[in-house]
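Engineer: So that we are looking at the same thing, I have put the structure below in structure tokens.
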Amino acid sequence: MFKKFKRLSRKRQIFTIVITVVIVALVAALLYQSFKPDPRPEYQVQAAAVGDIQATFDTKGTVESTSTEKFTAAAGVKVSSVNVAVGDRVKAGDVLATFDVSSIDGTLANYKSAYDKAKAAYDKASGSVSSAKSGIKTTELQISQTESDISALKREIAAAQSANIKNAENAKNYTEDQLEALREQLKNGGLTEDQIQEIINSLKNSSGNVDIEKAVSDSVAAKQVKLAQAEAQLTSLKTQRAVYEAQTDETVSDLYKSVMEQKQKDYESYKEIYDSLKNGWVASADGIITTVNVEAGKEFTPAQTGSSGVDLSSIVSSMTSNSEVASTLTDILSSTAGSASSVGDGIVLENYGEFIASFTVGKYDLLGLKVGQSAVVSTLGSDYDAVVSYVGATASENGGLNISSIASSLTGSSSNSASAAAKVKILNPDEKIVIGFDVDIKVNTEKITNVLKIPVDAVATDDAVTYVYVYNPDKKTVEKRTVELGVFSDDDYEVKSGISEGEMVVMNPKAALTDGTKISVKG
């Protein structure tokens with residue numbers, strides 16, 4: 001009995017001990033949960049190191065074609081065959097369509113006739129102007145000589161009148177028969193009675209032997225007759241000069257010239273279209289067909305028509321005061337009536353060899369872009385080599401943002417809504433490069449070497465202040481530091497100030513991280 005009681009007591013003791021241990025463990029666990037320290041956040045860190053940075057400009061652009069080949073057809077031409085449809089991709093040398101041009105032979109002849117008539121009218125008008133200018137030069141010389149003759153006659157008349165007065169004292173006596181015979185001779189010569197009497201008085205006042213014919217020629221009356229004739233000739237010459245000057249007005253000549261040049265342009269343009277239709281349309285480069293307005297077996301009718309550069313009908317109506325000009329212009333106009341607006345696009349081919357991606361760039365990034373820089377265009381999972389082909393020098397307002405403008409805010413650069421246009425040429429486009437679609441563009445801009453750099457993922461910004469968290473391995477804490485950054489790439493930033501080589505920066509710092517926080521380092 002005693003042994004049995006002793007066994008039961010020992011079991012109770014063991015049970016009591018187990019229960020006690022369990023209770024103590026539970027209490028300890030509860031106390032640990034209540035008073036244990038919070039776990040330190042874990043972060044990766046990376047040392048600031050010296051190295052190279054290839055700066056890039058990242059943005060989005062729109063695919064365009066700078067080489068659009070338009071095949072123009074003339075209204076009424078018969079389409080023999082069409083070998084392509086919209087969306088077809090063609091190779092250089094492929095025949096796109098063929099035509100029968102016999103139906104537009106007459107139209108081509110009309111264009112040539114209009115040009116020939118316009119040229120003939122211009123040649124005639126310009127010839128008249130040239131002749132008048134030559135006539136003016138000749139008349140100017142004659143006027144100058146006549147004015148000189150008049151001046152000389154006036155001096156001679158004044159001298160003769162003075163000599164008559166001086167010779168009056170030594171006057172020679174002539175018989176009445178002599179004077180009467182002279183009077184009849186002078187009358188038959190067409191002189192007036194006053195002129196005849198003046199000559200006779202001059203003879204009576206002369207002394208010595210006098211040559212009557214010379215006396216008549218040298219008499220004041222005779223010189224006055226010559227002066228009157230010279231003055232009449234001068235008036236006639238000046239009138240002729242005025243006529244020539246009127247004929248040198250180039251208004252009509254200029255009008256005919258402009259009409260001729262336009263008709264020449266119309267003819268040559270139509271002839272070029274005629275020749276291309278006669279030879280058939282052939283692709284000059286690889287590309288894609290974007291428009292087809294021709295149909296085999298039918299005559300071409302343009303969807304949109306062009307017009308002549310000179311409205312001859314309005315010119316004709318304005319020339320009512322010059323019937324000759326109006327008649328000539330009407331004749332020229334009738335030669336191409338109904339055919340001046342008879343062409344339009346038949347097929348449009350966008351050439352692959354000149355595909356570009358256009359985009360805009362802000363003023364700070366613009367300084368880093370240069371023609372010739374290498375670039376990469378990405379779309380639909382494929383990358384294409386490219387090169388910067390254009391950087392605009394004129395800015396325009398733009399409310400959009402690009403990747404580079406966002407990144408610039410981290411470097412302390414201010415934003416600006418103005419932007420300039422830029423383009424990259426896509427070197428080897430294929431069917432994934434579609435006109436009008438957006439593509440990603442990365443341009444390799446400046447490359448700097450031997451600079452202190454840190455990962456992009458270590459940089460944070462708050463209220464335009466750029467900072468990083470520097471890890472202290474001894475204290476296991478972080479320090480928030482403001483940094484000045486420079487050139488950047490997809491992976492790294494250049495550090496101009498704020499940290500030193502070898503210092504560790506926290507990667508992807510969370511907003512909850514603060515100055516002095518203890519952390520654990522991953523890896």
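The values are calculated or read from the model by the stated rules, or taken from the named source; none is laboratory data. All figures in this text were calculated on a predicted structure; none of them were measured in a lab. Here Cβ is always computed from backbone atoms with ideal geometry, including for glycine, and neighbour counts include all displayed protein chains. In case anyone asks, the SASA skips ligands and DNA or RNA and just uses the protein heavy atoms, side chains included. Shrake-Rupley method; radii C 1.70, N 1.55, O 1.52, S 1.80 Å.
Engineer: What FRET efficiency would be calculated for the residue pair residue 128, residue 484, taking the C-beta separation as r and a Förster radius of 60 Å, to the nearest 0.05? Show your work: numbers first, answer last.
Structural biologist: Values: r = 80 Å, r/R0 = 1.34.
That gives a FRET efficiency of 0.15.
Engineer: Moving on to the next point. Using θ = phi - 60° and the Karplus form 6.51 cos²θ - 1.76 cosθ + 1.60, what ³J(HN,Hα) does each residue of region 370-375 get, whole Hz, x for Gly and Pro?
Structural biologist: Couplings: 9, 4, x, 5, 6, 8 Hz.
Engineer: So what's the net charge close to residue 114: Lys and Arg +1, Asp and Glu -1, counting the other residues with Cβ under 13 Å from its Cβ?
Structural biologist: On the way: positive: 112, 117, 119, 263, 265, 271; negative: 116, 261, 266, 268, 331.
Surrounding charge for residue 114 is +1.
Engineer: Between their Cα atoms, which of 70/119; 442/480; 117/263 are more than 21 Å away from each other?
Structural biologist: 70/119; 442/480
Engineer: Hey, what's region 428-494 come to in accessible area per residue, 1.4 Å probe, Å²? Walk me through the numbers on the way to the answer.
Structural biologist: Working: 3560 Å² over 67 residues.
Counting only protein heavy atoms, the per-residue value for region 428-494 is 53 Å².
Engineer: Expressed as a whole number of Å, what is the distance separating the alpha-carbon centroids of region 437-460 and region 248-277?
Structural biologist: 58 Å
Engineer: Using the structure shown, list the pairs from 363/423; 60/425; 370/453 with a Cα-Cα distance above 19 Å, or answer none. List each step's numbers first, then the result.
Structural biologist: On the way: 363/423 15 Å; 60/425 14 Å; 370/453 25 Å.
Beyond 19 Å: 370/453.
Engineer: If you roll a 1.4 Å probe over the heavy atoms of the protein chains, what accessible area per residue do you get for region 65-124, in Å²?
Structural biologist: Values: 2830 Å² over 60 residues.
Ligands and nucleic acids excluded, the figure is 47 Å² per residue.
Engineer: Now, a different point. Distance between the C-alpha centers of region 509-523 and region 70-146? Whole Å please.
Structural biologist: 81 Å
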